[in-house]
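Engineer: I have a structure I would like to understand better, so I am pasting it below and will then ask my questions one at a time.
The values are calculated or read from the model by the stated rules, or taken from the named source; none is laboratory data. Please read these numbers as outputs of a predicted model, since none were measured by experiment. Here the Cβ positions follow ideal geometry from the backbone for every residue, glycine too, while neighbour counts run over all protein chains shown. Surface areas here come from the heavy atoms of the whole protein model, side chains and all, with no ligands, DNA or RNA. Shrake-Rupley method; radii C 1.70, N 1.55, O 1.52, S 1.80 Å.
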Amino acid sequence: MTSSRPPWRRLRRGEIPKDTVEFARWLIGKVVVHEHAAGVLAGRIVETEAYPPGDPACHAYLGKTARNASLFRERGHCYVYFIYGTWFMLNVASAAEGDGAGVLLRAVEPLHGIDIMQDLRAVSRLTDLARGPGRLAQAFAIERGLDGIDMCKRGRLWLAHGTLPAGEIGCSVRIGLSKAADKPWRFY
């Protein structure tokens, strides 16, 4: 892609499914776009995990805190957190205002700004750029300052419709959890 202007249409909040698990599945094939200072970074979402209201594995389970407040915002807002002292994670709030829930973006297929992603990740293999939620966040220059951004409005981080159909979507249990690990809420 040579154009500096992304060809994707921004998602509207009204299009987003209201059920968190359905939203996680629906996001497969959609595009995440970061209008970064170095250039536009974009990737097709290929793996997600749902963390619905009442899920003991969800950061919102024990209530609202300063760290997880964005999970309690209206669906479509960004929730970014730091984990293991190493990685940021990119999530999308998935419920009504005041109900804590979210969808973790686990992997994307890089589409635009690949050279920038390669520099950010210090890797050249395309398959290694944004496979796994920590690598995705690093490739997309996701940092805590993006937390709370409305990804359905004009801004530097947003969600868009993909230009290709998602194809067959697989489902499995979520990865790396000790609570509610048996829930089939991972989509790819």
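Engineer: Among (1) assigned to a helix (DSSP H, G or I); (2) without any contact (Cβ under 8 Å) to a residue 12 or more places away in the chain, there is one condition Ala66 misses while meeting the rest; what is its number?
Structural biologist: Result: Ala66 fails condition (1) only.
Engineer: Would you check if Glu74 is buried (at least 16 other Cβ atoms within 10 Å of the Cβ) and closer than 19 Å to Leu136 by Cα? Show your work before the answer.
Structural biologist: On the way: buried (at least 16 other Cβ atoms within 10 Å of the Cβ): yes; closer than 19 Å to Leu136 by Cα: no.
Criteria not met by Glu74.
Engineer: Of the residues that sit in the stretch 102-119 and are of a type in the set (A, V, I, L, M) and under 13 Å from the mean Cα position of the chain (by Cα), which one is surrounded by the fewest Cβ atoms within 10 Å (Cβ to Cβ)? Give the steps one after another, and end with the answer.
Structural biologist: Our first condition is that a residue be of a type in the set (A, V, I, L, M); within the stretch 102-119, this holds for 103-105, 107-108, 111, 114, 116-117.
Remaining after also requiring under 13 Å from the mean Cα position of the chain (by Cα): 103-105, 107-108.
Values: Val103: 28, Leu104: 24, Leu105: 28, Ala107: 18, Val108: 27.
The extreme case among them is Ala107.
Engineer: Would you be able to tell me the number of residues in the stretch 120-141 that are open to solvent by 50 Å² or more (accessible area, probe 1.4 Å) and either in contact with a helix residue (DSSP H, G or I) (Cβ under 8 Å, 6 or more places away or on another chain) or in contact (Cβ under 8 Å) with a residue 12 or more places away in the chain (or both)? So that I can check it myself, show each step before the final result.
Structural biologist: Here is the first cut: in the stretch 120-141, the ones open to solvent by 50 Å² or more (accessible area, probe 1.4 Å) are 120, 122, 124-127, 131, 135, 138.
Remaining after also requiring either in contact with a helix residue (DSSP H, G or I) (Cβ under 8 Å, 6 or more places away or on another chain) or in contact (Cβ under 8 Å) with a residue 12 or more places away in the chain (or both): 120, 124, 126, 131, 135, 138.
Looking only at that region, the number is 6.
Engineer: Cys58 passes all but one of (1) more than 18 Å from Ala160 (Cβ to Cβ); (2) open to solvent by 20 Å² or more (accessible area, probe 1.4 Å); which number fails?
Structural biologist: Failed condition: (2).
Engineer: Let me ask something additional. Hey, does the stretch 80-97 have a residue that's part of a strand (DSSP E or B) and either over 29 Å from Asp19 (Cα atoms) or open to solvent by 70 Å² or more (accessible area, probe 1.4 Å) (or both)?
Structural biologist: Kept after step one, since they are part of a strand (DSSP E or B), are these residues of the stretch 80-97: 80-83, 87-93.
With the extra rule that they be either over 29 Å from Asp19 (Cα atoms) or open to solvent by 70 Å² or more (accessible area, probe 1.4 Å) (or both), the set shrinks to 82, 87.
Checked the stretch 80-97: at least one residue is part of a strand (DSSP E or B) and either over 29 Å from Asp19 (Cα atoms) or open to solvent by 70 Å² or more (accessible area, probe 1.4 Å) (or both).
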